[in-house]
Amino acid sequence: MSQGSSHPATGLHRVVVIVDANSNPFELGCATEVFGLRRPELGRDLYDFRLCSPEPRTLMRDGFFTLTGVAGLEAADAADTLIVPNRPDVDVPRRPAVLDAVRRAHARGARLVGFCSGAFTLAEAGVLDGRRATAHWQWAESFRDRFPSVHLEPDVLFVDDGDILTAAGSAAALDLGLHVVRRDHGAEVANAVSRRLVFAAHRDGGQRQFIERPVPDVPDASLAPLLAWVQERLGSPLTVADLAARAAVSPATLHRRFRAQLGTTPLAWLTGERVALACRLIERGESRFEVVARRCGLGTAAHLRALMNRETGLSPSAYRRRFGPAAG
């Protein structure tokens, strides 16, 4: 069953999470929140969600609780998207039955997702050889030593390598989950899910910003007021100099604050916000790409096309076909 297919019983894309001994409850909760909850605010459900485990009783991390009453491991064979187990003891090999289920899913074209140490599960199964992935910065060196054929990207929150996606750490599971929703259902739906989670639909930057470092003597002023001001004026011809003037700092100081707080540059953040607005306008039915470009501050339809291709992997026309009002 391919990534884009739906389960015949429900008509929905089926997401299955494998839970194994000592799995982390937080990432399980993230998967349930993003993929498992009903969505009355959207008027429809997004996924058919299942948990499964190799054993009838699964002791979760540090014995916090025991999971029972979920499907057996055979449920993984019906997954369109399979979320693999993660756990803190990365040096303990995963059980062969779990690795075999991952390999079978990959062989039939299912999408594979690893949260945090789930990258170790995917690598042990051999499906990451020659592929891009990320893992928690704390385990990056260990991962590289054990799996040198995997192209590890340690400075990002998540990696989308097509049919295999990995998230760097626990909270990054939410970032990746919302990215999957955005990829499957568009920016408008992903934003609705993020609002219900009270979580940013897209966090710029990478996990480098979370690596332990000395606390500065004087913390940077919050960027939140500036970001809110800009988001209300995306259609205006704003420049980095305009943002710096609004914040009453020099462009160099503004650049440092963006790097420190968001892990990106002012221009990259501004461009990302403008592309996100363009996506929402297209989803809401605006078919005149010159109008979309103008309302988003991107100038021309050609510039809109170039930036949407870079940021989403889709041209405006392809995005409209996939997520516009007539899609689905």
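So that you can scan it fast, the table gives a plain yes or no per residue for (1) buried (at least 16 other Cβ atoms within 10 Å of the Cβ); (2) in contact with a Cys (Cβ under 8 Å, 6 or more places away or on another chain); (3) outside the structural domain of ALA228 (by TED's automatic domain parsing):
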{"position": "THR271", "(1), (2), (3)": "yes, no, no"}
{"position": "ALA278", "(1), (2), (3)": "yes, yes, no"}
{"position": "GLU290", "(1), (2), (3)": "no, no, no"}
{"position": "GLY297", "(1), (2), (3)": "yes, no, no"}
{"position": "THR300", "(1), (2), (3)": "no, no, no"}
{"position": "ARG305", "(1), (2), (3)": "yes, no, no"}
{"position": "ARG310", "(1), (2), (3)": "no, no, no"}
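Kindly indicate whether any position in region 82-96 is assigned by TED's automatic domain parsing to the domain that holds ASP163, modelled with pLDDT of 95 or more and part of a strand (DSSP E or B).
Looking through region 82-96, at least one residue is assigned by TED's automatic domain parsing to the domain that holds ASP163, modelled with pLDDT of 95 or more and part of a strand (DSSP E or B).
Determine whether region 170-191 contains at least one residue that is of a type in the set (Ser, Thr, Tyr), modelled with pLDDT of 90 or more, in the same structural domain as ARG132 (by TED's automatic domain parsing) and not in a helix (DSSP H, G or I).
Checked region 170-191: no residue is of a type in the set (Ser, Thr, Tyr), modelled with pLDDT of 90 or more, in the same structural domain as ARG132 (by TED's automatic domain parsing) and not in a helix (DSSP H, G or I).
Name the pairs whose Cβ atoms lie under 9 Å apart, with the first residue in region 171-198 and closer than 20 Å to ALA318 by Cα, the second crowded, with 22+ Cβ neighbours inside 10 Å and acidic (Asp, Glu), and 6 or more positions between them or separate chains?
Matching pairs, first to second residue: none at all.
Scan GLU124, GLU141 and give me the residue that is more than 23 Å from LEU174 (Cβ to Cβ) and crowded, with 17+ Cβ neighbours inside 10 Å.
GLU124
Which members of region 157-170 meet the condition of being over 22 Å from ALA79 (Cα atoms) and buried (at least 19 other Cβ atoms within 10 Å of the Cβ)?
Scanning region 157-170 gives LEU157, ALA168, GLY169.
Can you find even one residue in region 46-69 that is under 16 Å from GLY114 (Cβ atoms) and part of a helix (DSSP H, G or I)?
no
Pull up region 142-169, narrow it to residues that are under 9 Å from the mean Cα position of the chain (by Cα) and of a type outside the set (Val, Ile, Thr), then point me to the one that is modelled with the highest pLDDT.
Step by step, filter region 142-169, then rank; the result is LEU165.
Looking at LEU59, LEU51, LEU46, which one is in contact (Cβ under 8 Å) with a residue 40 or more places away in the chain and in the same structural domain as ALA172 (by TED's automatic domain parsing)?
Just one listed residue meets the conditions, LEU46.
How many residues does region 47-90 contain that are within 27 Å of ARG183 (Cβ to Cβ) and touching a Pro at 6+ places or on another chain (Cβ under 7 Å)?
1
Take the residues of region 13-35 that are under 14 Å from PRO85 (Cβ atoms) and charged (D, E, K, R): which is surrounded by the most Cβ atoms within 10 Å (Cβ to Cβ)?
Selected residue: GLU27.
Can you work out which of the residues in region 36-60 that are touching an Asp or Glu at 6+ places or on another chain (Cβ under 9 Å) and farther than 13 Å from ARG196 by Cβ is surrounded by the fewest Cβ atoms within 10 Å (Cβ to Cβ)?
Taking the candidates together, the pick is GLU55.
Residues that are within 29 Å of ASP160 (Cα to Cα), acidic (Asp, Glu) and in contact with a helix residue (DSSP H, G or I) (Cβ under 6 Å, 6 or more places away or on another chain): does region 289-299 have at least one?
no
The values are calculated or read from the model by the stated rules, or taken from the named source; none is laboratory data. Just so we're clear, the structure is a prediction, and the values are computed from it rather than from any experiment. Cβ: placed from backbone, ideal geometry, glycine included. Neighbour counts: every protein chain shown.
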